[in-house]
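K.L.:
Okay, here's the structure, questions in a sec.
Here, each number is a calculation from the coordinates, and none is a lab measurement. All of these numbers come straight from a predicted model, not from anything done at the bench. So basically every Cβ, Gly included, is an ideal-geometry build from the backbone, and we count neighbours across all protein chains shown.
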Amino acid sequence: MHIRLDRRAILKAGVALSAVASGALVACTEADDKPADAATERPLVNTAYGPVRGMVEDGVMVFKGVRYAADTATTRFAAPVAPEPWTDQVDTIAYGASAPQVGGGDGGGLFASWRQDPPLPTSEDCLFLNVWTPSVETGARPVMVWFHGGGFATGSGSAYAYDGVRLANRGDVVVVTVNHRLNQFGYLNLAHYGERFAMSPAAGVMDMIFALEWVRDNIAAFGGDPSNVMIFGESGGGAKVCTLLSSERAKGLFHRAAVQSGPWIAHPPVAVVQKAADEVVAKLGLTADTIDAILTLPVEDIQAASKGVVGAGSSPTIDGSVLTRDPFSPNAAPAGADVPLLIGCNRTEGTSLDGTADPTLFDLTWETLPVRLQMAFPGRDIGKIIDAYKADYPDIEAPELYFMAGADARFFQGSVTVADRKSDQGGAPIWFYMLDWETPVMGGKRYVPHALDIGMVFDNVAKSESMSGPPGPAPQAIADQMSESWLAFAKSGDPSNAVIGTWPTYTREQRNMMVFRTQPGVETDIRAKERALLTG
């Protein structure tokens, strides 16, 4: 039987403690959030393309909207190219435009604290990155490069949750977040229309590789060590990390990798996505003979033609150059064999996904649960599944069981598959985690939602109130555990640290898993019985 130390009673106590302490912490973090007077200190860095001038926030030097490649309107569906060099100083104190996209969901309000208000503009001129560093004068610090979530379709590196000030301060590291092409503009597979479109299945991945090459060539000027680069990401960002681990073109550009709730085992079949691209082309009124017109059509026309077309630019596919195989099918790609991996997920991911799409799931009872589970897992023995969860978690609630089962079948089992197949390589070590701290927001009914880990890893609980509740000792304790672990991993390739103690490695034979909760600890092969019943 699994005993969760921070269940309902401790959750309520944590909320009370948070309320008591939040005043002092908020007062502190509000001061942290105010940038220094730009006239007081404006750090200047010469990049390979030209000089950029940033600002200082809470002692951290911040450079937002640093251009790393040219406007993609000039390279639509093709590989990125270097920007035109500049000689005058460019102010980099505001985020650059996000990639063209159709708005994503809000997680039922969980993501409200993270969103720019008003939203940043979108543009094909979107290849910008952001840098936070303790100093540009001295040091060769570990570099942590974040790839945002939103699948391969939405998002940017500019969400408040990704602000790197506290992480850079806490760990004496350089933090980088990246914008890159998304959806149809990053992944519409037009390769069968001719050599001009050969890169279209993976243009967004090429952007990420180009950004990592920029880090290699420029990060030393920002106080970072180009020989010690960690890439990490959550959800779609984790899928991007898996994808980069499989690309020989990315090999050597990073040295550690962390996948948060984003196991990506295989890309969709090329034939399927090319058929979807054909449908988009036809809706645009184009043919193989007139296809070049797609290079200059308005963004809105391509977005409209792609609406409702499943697989039209939804993710990268194998192109034979950037991506030559699937990341973890039938095994782990050789390109990432020597890169240590940190991977894991959250206990009830779907409360901010499925629960947002269908709020009635939060009202499930023991009487209505079996029907909904049968819909989610056709052909499975639902009685055995329910009995297994009840045996291991006697105080489980009906909606909680539904969301645990969904997360176990998708995120957890997918992460185990990735970890197992990397373990089979016999290369670099693996560390596995599970987040099991329940957020108090919305009366606790969200349990441990998808993306809850982001504010913890970035030590940004004060910027995550809609996700993790009022700042205070309870969420900060989890942020201490996770941010220290990610920092330790970035520095040494081993996430063990003084806050959580020794974190043993993961192998297929010994599935050690660190559980982040009020009292963290290691468990072995969590819910193996339940996962087998769900996935076969």
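K.L.:
Once you keep just the Cα pairs under 8 angstrom separated by 6 or more residues, what percentage relative contact order results for region 355-430?
P.N.:
26 percent
K.L.:
With r defined as the distance between the Cβ atoms of residue 525 and residue 266 and R0 fixed at 22 Å, what FRET efficiency is calculated, to the nearest 0.05?
P.N.:
Here the calculated transfer efficiency is 0.40.
K.L.:
Here are labelled values, (1) 39, 27, 21; (2) 35, 30, 22; (3) 39, 30, 22, and one is the computed semi-axes √(5λ) of the Cα gyration tensor in Å for what I pasted. Which one?
P.N.:
(2)
K.L.:
How big is the Rg/Rh ratio for region 429-536, C-alpha atoms only, Rh by Kirkwood, two decimals?
P.N.:
Ratio of gyration radius to Kirkwood radius: 0.99.
K.L.:
If the chain between residue 86 and residue 221 were fully stretched, how many nm would it gain, using 0.36 nm times the residue separation less the Cα-Cα distance?
P.N.:
46.9 nm
K.L.:
Distance between the C-alpha centers of region 49-114 and region 482-505? Whole Å please.
P.N.:
That distance is 30 Å.
K.L.:
Work from the charge dipole of the chain (Cβ charges, +1 for Lys and Arg, -1 for Asp and Glu, about the Cα centre) and give the residue of 140, 310, 77 farthest towards its positive end.
P.N.:
Positive-end residue among those listed: 310.
K.L.:
Oh, and also: When the dipole is taken about the Cα centre of the chain, and only Lys, Arg (+1) and Asp, Glu (-1) are charged at their Cβ, what size is it in debye, to the nearest 20?
P.N.:
880 debye
K.L.:
Also: So for the pair residue 499, residue 78, with labels modelled 7 Å out along Cα→Cβ, what separation do we get in nm?
P.N.:
Distance between label points: 4.6 nm.
K.L.:
So the label point goes 7 Å from the Cα of residue 304 along Cα→C-beta, right? Which residues of region 152-186 then have their backbone N under 19 Å from it?
P.N.:
So the set is 184-185.
K.L.:
On each of the three principal axes of the Cα atoms of region 281-332, give max minus min coordinate, whole Å, ordered largest first.
P.N.:
41, 24, 16
K.L.:
For the chain, what does the helix formula give at 222 nm: sum of -39500 (n - 2.57) over DSSP H segments with n ≥ 4, over the residue count, nearest 500 deg cm²/dmol?
P.N.:
Result for the chain, helices only: -9500 deg cm²/dmol.
K.L.:
Taking the alpha-carbon centroid of each part, what is the distance from region 349-421 to region 222-258 in angstrom?
P.N.:
Cα centres, region 349-421 to region 222-258: 32 Å.
K.L.:
Would you mind calculating the gained length between residue 532 and residue 123 on full extension (0.36 nm times residue separation, minus the Cα-Cα distance), in nm to one decimal?
P.N.:
142.7 nm
K.L.:
A further question follows. When only C-alpha pairs under 8 Å and at least 6 residues apart count, what is the relative contact order of the chain, in percent?
P.N.:
16 percent
K.L.:
Let me ask something additional. Within the chain, what is the longest stretch that has no chymotrypsin sites (Phe, Trp or Tyr not before Pro) placed in a DSSP loop and near at most 16 other beta-carbon atoms within 10 Å?
P.N.:
Within the chain, the longest run free of exposed chymotrypsin sites (Phe, Trp or Tyr not before Pro) spans 87-365.
K.L.:
Along region 274-285, what does the Karplus equation 6.51 cos²θ - 1.76 cosθ + 1.60 (θ = phi - 60°) give for ³J(HN,Hα), rounded to whole Hz, x for Gly and Pro?
P.N.:
Computed from phi, the couplings for region 274-285 are 5, 5, 5, 4, 4, 5, 4, 4, 5, 5, 7, x Hz.
K.L.:
Also, I was wondering about something else. Output the direction-averaged projected area (hull surface divided by four) of the convex hull of the alpha-carbon atoms of region 221-329, in nm².
P.N.:
Reported value for the Cα convex hull: 9.3 nm².
K.L.:
Which loop trypsin sites (Lys or Arg not before Pro) in region 472-536, with loop taken from DSSP, have no more than 11 other Cβ atoms within 10 angstrom of their Cβ?
P.N.:
Those that pass, being in a loop and sparsely packed, number zero.
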